[in-house]
Amino acid sequence: MTLWRIRATVDDRPGYLSVLTASLALRGVNILTVQVQPTEQGAVDDFLVDAPDTLDEAGLIAAVERGRGRDCWVARTEARGLVDQPTRVLGLANRLARDPDATGEALRTLLGADSVTWRPASTGVDSGITDATMSLADPAGGSFALRRAAPAFTPAEYARAQALVELAATVARRAAEQVTVVLPDGAEVAVRPGCADDLSGVVELHETCSPRSRHRRYLGGALLPQPARLRRLLEPVRGLTLVATTTGADGAAESVVAMANLLGEGDEAEVALLVRDDWQRRGLGSALLRRLVRHADAVGYAALVLHVQAENAPMLRTLRRLDRPSSVERDGGRFTVTVPLAHRRQREGGSRRPETQNRLPSGSASTTYGGSVGSGSVG
């Protein structure tokens, strides 16, 4: 017996696929897998078959045509062809997660392309397929051009390939955005933008934080926020969320040890932090806060707003270390700290204010650090 790949188009009507499979069965062809890809011209059926050694390419094409198939393409394949399409795509996705630079080779493997070429954005090639050619937009800039003499590309193949390209671009972007922060005690943490995939890690972060740390973060209570709220915090409509992660010395899975949110509203942005208790008082909160300030300054927010419990002296000290002018308003046991940003002041021709309107209170040095700035309105 010999393994073959067969691709043919049949009318997308009830019973037509069964006519084709019956024609193959009459000649002793065993169908191992079949994929159906809808197109405007009909249903493209992609078979992996095991055929008698006496049946050659011409015989298989004749069998397909007798089964009402057209535009037939037949080629020998190997045992690796037994891997089904979803498994192959998942394997390629795993490869791209480890090496996004392998996008071209992944596309060649996925589609059996004769050539894969990356083109700069200046060439102005439109995305899409035209029989033997496919053009895929690269979110990182430029496009991929693929060629395959036969069979013709299908819309389903285009969709799979575009998804792989976008996955590689996402992985590359996240790798570029990730930085390693070395804390004063020598510990290292990875800091990167958060995403929906971090939800389970962020839920675990909240579960392992003390009620006091959660209360300082959210101000309205120490209960665990609902997953839906945490998902919104991870991917804010406006702003940025950073997560700090660490991997155990024994190669244990990545753990989220801190989350920092910058949530835009109008021309101001509200900031809030949550640091796991065993990572507090190590400089991690300060490092995250400074990164959020730089981001807010770069994108043009006029000011940052932070709501801090009056007894949270360590957080107030962290804000003073920013060495930026700020105004402070007290409402009972809570301070509202507003930090104007240089980017907006310079753009509007304003001058740097020499003094704060109200200096940040020093607080008590003995207060236990909760590692968080909170706002009851966040999320």
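The values are calculated or read from the model by the stated rules, or taken from the named source; none is laboratory data. Quick caveat: nothing in here was measured; it's all calculated off a predicted structure. A quick note on method: Cβ atoms are made from the backbone with ideal geometry, for glycine too, and the neighbour counts reach across all protein chains shown.
For the stretch 34-47, which residues satisfy the criterion of being more than 16 Å from S23 (Cβ to Cβ), in contact with an Asp or Glu (Cβ under 9 Å, 6 or more places away or on another chain) and not small (G, A, S)? Residues satisfying the conditions are Q35, V36, Q37, P38, T39, Q41, V44. Contact map, the stretch 86-97: first residue without any contact (Cβ under 8 Å) to a residue 12 or more places away in the chain, second residue assigned to a helix (DSSP H, G or I), Cβ cut-off under 8 Å, separation 6 or more or different chains; pairs are R95/A102; R95/A106.
Which ones in the stretch 329-353 are surrounded by 14 or more Cβ atoms within 10 Å (Cβ to Cβ) and modelled with pLDDT under 65? Give the steps one after another, and end with the answer.
Within the stretch 329-353, the first condition is being surrounded by 14 or more Cβ atoms within 10 Å (Cβ to Cβ), and the residues that meet it are 334-341, 343-345.
Correct list: H343, R344, R345.
The set of residues from the stretch 228-242 being under 18 Å from D297 (Cα atoms) and not in a loop (DSSP other than H, G, I, E, B) comprises G239, L240, T241, L242. Residue pairs whose Cβ atoms lie under 9 Å apart, separated by 6 or more positions or on different chains, with the first residue in the stretch 146-158 and over 15 Å from C72 (Cα atoms) and the second of a type in the set (F, W, Y) and part of a loop (DSSP other than H, G, I, E, B), are L146/F153. Inspection of the stretch 319-339 finds a residue satisfying the criterion of being part of a helix (DSSP H, G or I) and either under 26 Å from A190 (Cβ atoms) or without any contact (Cβ under 8 Å) to a residue 60 or more places away in the chain (or both). Cβ-Cβ contacts under 9 Å between residues 6 or more apart (or on different chains), taken from a first residue in the stretch 254-281 that is outside any strand (DSSP E or B) to a second residue that is modelled with pLDDT under 95 and charged (D, E, K, R), are listed as D267/R344; D277/R212. Of the residues that make up the stretch 80-88, is at least one surrounded by 15 or more Cβ atoms within 10 Å (Cβ to Cβ), within 24 Å of L20 (Cβ to Cβ) and polar (S, T, N, Q)? Yes, that holds for at least one residue. Within the stretch 181-205, residues that are in a loop (DSSP other than H, G, I, E, B) sit with their Cβ atoms under 6 Å from residues that are of a type in the set (S, T, N, Q), at 6+ positions apart or across chains, in these pairs: G194/T241. The single condition among (1) surrounded by fewer than 20 Cβ atoms within 10 Å (Cβ to Cβ); (2) modelled with pLDDT of 85 or more; (3) of a type in the set (S, T, N, Q) that S326 does not meet is (1).
Summed over the stretch 153-180, residues that are outside any helix (DSSP H, G or I) and crowded, with 16+ Cβ neighbours inside 10 Å total 2.
Taking the conditions exactly as written (under 25 Å from the mean Cα position of the chain (by Cα) and over 30 Å from C72 (Cα atoms)), does A187 satisfy them or not? Quick ask: steps written out before the conclusion?
Working: under 25 Å from the mean Cα position of the chain (by Cα): no; over 30 Å from C72 (Cα atoms): yes.
Spelling it out, it is not the case that A187 is under 25 Å from the mean Cα position of the chain (by Cα) and over 30 Å from C72 (Cα atoms).
Please find, among R5, R70, R27, R66, the residue that is touching a residue at least 12 places away in the same chain (Cβ under 8 Å), under 18 Å from R148 (Cβ atoms) and basic (K, R). Talk me through it step by step, then tell me what you get.
Values: R70 fails: under 18 Å from R148 (Cβ atoms); R27 fails: under 18 Å from R148 (Cβ atoms); R66 fails: under 18 Å from R148 (Cβ atoms).
Criteria check complete, one pass: R5.
Scanning the stretch 40-66 for residues that are surrounded by 14 or more Cβ atoms within 10 Å (Cβ to Cβ) and among the β-branched types (V, I, T) yields V44, V49, I61, V64. Is it the case that A102 is in a helix (DSSP H, G or I), out of contact with any helix residue (DSSP H, G or I) (no Cβ under 7 Å at 6 or more places or on another chain) and surrounded by fewer than 18 Cβ atoms within 10 Å (Cβ to Cβ)? Against the criterion (in a helix (DSSP H, G or I), out of contact with any helix residue (DSSP H, G or I) (no Cβ under 7 Å at 6 or more places or on another chain) and surrounded by fewer than 18 Cβ atoms within 10 Å (Cβ to Cβ)), A102 does not qualify. Applying the condition of being exposed (fewer than 13 other Cβ atoms within 10 Å of the Cβ) and out of contact with any strand residue (DSSP E or B) (no Cβ under 7 Å at 6 or more places or on another chain) to the stretch 105-145 and asking which residue is nearest to T77 (Cα to Cα) yields D131.
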